[in-house]
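Each remark here refers to the structure printed beneath this line.
The values are calculated or read from the model by the stated rules, or taken from the named source; none is laboratory data. Predicted model only: the values in this text are computed from it and were never measured. Don't worry about glycine lacking a Cβ; one is built from the backbone with ideal geometry, like all the others, and counts go over all protein chains shown.
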């Protein structure tokens, strides 16, 4: 009798996965930078869960060796591989190996179900279906995006319209349009930004840059790889309520603002110039 348990039913190195998840950097390119989502799940933990659910526990058990040690050796081998897999953003070679493990297991299931030999090549070339994953309460989309990363046909559902939009951007569109989508988004993003700047240039102030300012400050609002601009654009405003000065000799307008400093530490500001308006 064969053991059909999946790896997640038998063993996962939860301590190692937890450590990797807690130290996962939320840097540029991470899904968390697209939109803040409550109860966001760490990507590496979701990657381990998806992988563990789709490969058999027997995958890492050695064929040779004493029977009473095979299970412990298999768990040790599984722990080593999952520790390598659960690194963010992930080693492409290890992810490719994980994809192959999943497709091998899926091909074996299809062969058993249909009674006809199905290979990884059949799946990769579209002659057989890929493993499908459905997350019915996908939220921020961490599980479906990791399933797609591991070579699955990934589907996500959520009633929240914000979650739905996030999942369209992170799951549906990348699977539908491929790697070229990122280049298209960058191109159109720059186009829309340029058109917007042209459309509002007559109502939003621009601040000339003094050429004796440090180069780092001149580049503060732009791409570090681009040459500095001749002027800054205002990127945000502080709006405050105002009252007339109680001194009848003054009659000035006083903003109800605790202090007028926008930045008082040494070094450049972390963002662009900000106007205080009444």
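Among the residues of the range 74-82, is there at least one that is in contact (Cβ under 8 Å) with a residue 40 or more places away in the chain and either within 30 Å of residue 34 (Cα to Cα) or assigned to a loop (DSSP other than H, G, I, E, B) (or both)?
For the range 74-82, residues in contact (Cβ under 8 Å) with a residue 40 or more places away in the chain and either within 30 Å of residue 34 (Cα to Cα) or assigned to a loop (DSSP other than H, G, I, E, B) (or both): present.
Has the range 96-118 got at least one residue that is in contact with a strand residue (DSSP E or B) (Cβ under 7 Å, 6 or more places away or on another chain) and in contact (Cβ under 8 Å) with a residue 40 or more places away in the chain?
Our first condition is that a residue be in contact with a strand residue (DSSP E or B) (Cβ under 7 Å, 6 or more places away or on another chain); within the range 96-118, this holds for 105.
So of that shortlist, the ones also in contact (Cβ under 8 Å) with a residue 40 or more places away in the chain come out as 105.
There is at least one residue in the range 96-118 that is in contact with a strand residue (DSSP E or B) (Cβ under 7 Å, 6 or more places away or on another chain) and in contact (Cβ under 8 Å) with a residue 40 or more places away in the chain.
Is it the case, given these coordinates, that residue 246 is over 30 Å from residue 158 (Cβ atoms), outside the structural domain of residue 29 (by TED's automatic domain parsing), in a loop (DSSP other than H, G, I, E, B) and modelled with pLDDT of 80 or more?
The answer is yes for residue 246.
Quick check on residue 145: is it touching a strand residue (DSSP E or B) at 6+ places or on another chain (Cβ under 9 Å) and either surrounded by 17 or more Cβ atoms within 10 Å (Cβ to Cβ) or assigned to a helix (DSSP H, G or I) (or both)? First the steps, then the outcome.
Details: touching a strand residue (DSSP E or B) at 6+ places or on another chain (Cβ under 9 Å): yes; either surrounded by 17 or more Cβ atoms within 10 Å (Cβ to Cβ) or assigned to a helix (DSSP H, G or I) (or both): yes.
Answer is yes for this residue.
Do you know which of the residues in the range 57-73 that are out of contact with any helix residue (DSSP H, G or I) (no Cβ under 7 Å at 6 or more places or on another chain) and assigned to a helix (DSSP H, G or I) is farthest from residue 104 (Cα to Cα)?
So the residue we want is 68.
I need every pair where a residue in the range 237-253 that is in contact (Cβ under 8 Å) with a residue 12 or more places away in the chain has its Cβ under 7 Å from the Cβ of a residue that is part of a loop (DSSP other than H, G, I, E, B) and surrounded by 10 or more Cβ atoms within 10 Å (Cβ to Cβ), sequence separation at least 6 or different chains.
Short answer, once both residue conditions are applied: 240/257; 240/278; 242/278; 253/278.
When you go through 123, 192 one by one, which is the residue that is more than 28 Å from residue 94 (Cβ to Cβ) and either at pLDDT below 90 or in a helix (DSSP H, G or I) (or both)?
Only one candidate passes the filter, namely 192.
Out of curiosity, is residue 85 in contact with a helix residue (DSSP H, G or I) (Cβ under 7 Å, 6 or more places away or on another chain), assigned by TED's automatic domain parsing to the domain that holds residue 149 and either modelled with pLDDT of 90 or more or loosely packed, with under 15 Cβ neighbours inside 10 Å (or both)? Give the derivation first.
Details: in contact with a helix residue (DSSP H, G or I) (Cβ under 7 Å, 6 or more places away or on another chain): yes; assigned by TED's automatic domain parsing to the domain that holds residue 149: yes; either modelled with pLDDT of 90 or more or loosely packed, with under 15 Cβ neighbours inside 10 Å (or both): yes.
Answer is yes for this residue.
Among the residues of the range 53-64, write down those that are surrounded by fewer than 21 Cβ atoms within 10 Å (Cβ to Cβ) and within 11 Å of residue 133 (Cβ to Cβ).
53
I need the full set of residues from the range 1-48 which are in a loop (DSSP other than H, G, I, E, B), under 22 Å from residue 152 (Cβ atoms) and under 13 Å from the mean Cα position of the chain (by Cα), in order please.
24, 29, 30, 34, 37, 40, 41, 42
Residues checked against (1) closer than 15 Å to residue 86 by Cα; (2) surrounded by 14 or more Cβ atoms within 10 Å (Cβ to Cβ):
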site	(1), (2)
5	no, no
31	no, yes
37	no, yes
41	yes, yes
45	yes, yes
51	yes, yes
67	no, no
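Would you be able to tell me the number of residues in the range 148-165 that are assigned to a helix (DSSP H, G or I) and either in contact with a strand residue (DSSP E or B) (Cβ under 9 Å, 6 or more places away or on another chain) or surrounded by fewer than 18 Cβ atoms within 10 Å (Cβ to Cβ) (or both)?
Within the range 148-165, residues that are assigned to a helix (DSSP H, G or I) and either in contact with a strand residue (DSSP E or B) (Cβ under 9 Å, 6 or more places away or on another chain) or surrounded by fewer than 18 Cβ atoms within 10 Å (Cβ to Cβ) (or both) number 6.
Examine the range 91-107 for a residue that is farther than 27 Å from residue 125 by Cβ, in a helix (DSSP H, G or I) and assigned by TED's automatic domain parsing to the domain that holds residue 154, and state whether such a residue exists.
No.
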